[in-house]
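Notes follow the structure.
Nothing in this text is a laboratory measurement; each read-out follows from the coordinates by a stated rule. It should be emphasised that the depicted structure is a prediction, and the values quoted were computed from it without experimental measurement. Cβ sites come from the backbone with ideal geometry, for glycine too, and all protein chains shown count toward neighbours.
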Amino acid sequence: MSLKTFHNVTLDDMKALLKADKGWNLKTEPRSAEWFFEFPLTKSPHIVVRVASGIIMNGQSRGCGKDAIRVFAIDTKAGKGYIKTKRVYRIGTWEKNLTKAVTNCFEDAKRRRDKA
């Protein structure tokens, strides 16, 4: 499979990358009917990094071109967005790309928190 072609990312694939024993919480979003993962910042637990998986309730990705993985941070106390990143496309390099997006989101959220 080409690294630039669609890859069906399953819920098990996401769980293997965003592990519960490392602090990731798996939740559902009723409005979009998809799974997402959440991780609170240690020093500011009201700020959470969230990964919207694009994986619907049956554990499979939405179809090719239908959705991407999104990484962002929200401030749950203020009830609004905190950091937004680029989409992660479900292609052969999705794991590497998602890891980079999550790392960047954590760093940006911490920088913003420390400036406040």
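Things worth noting here:
- Charge dipole (the chain, unit charges on Cβ, about Cα centre) - positive-most of LEU17, ALA68, ILE83: ILE83
- One entry in (1) 10.2; (2) 7.3; (3) 6.8 is mean projected area of the Cα convex hull in nm² calculated from the shown coordinates; its label is (2).
- Positive-pole candidate from HIS46, ASN97, LEU26, dipole of the chain, charges at beta carbon: HIS46
- Karplus (6.51, -1.76, 1.60) ³J(HN,Hα), θ = phi - 60°, over the stretch 23-28, in Hz, Gly and Pro reported as x: x, 7, 10, 8, 9, 10
- Computed magnitude of the charge dipole of the stretch 11-115 (debye, nearest 20; Cβ of K, R +1, Cβ of D, E -1): 440 debye
- Net length gained if the chain between ARG113 and GLU29 were fully extended (0.36 nm per residue, minus Cα distance): 27.6 nm
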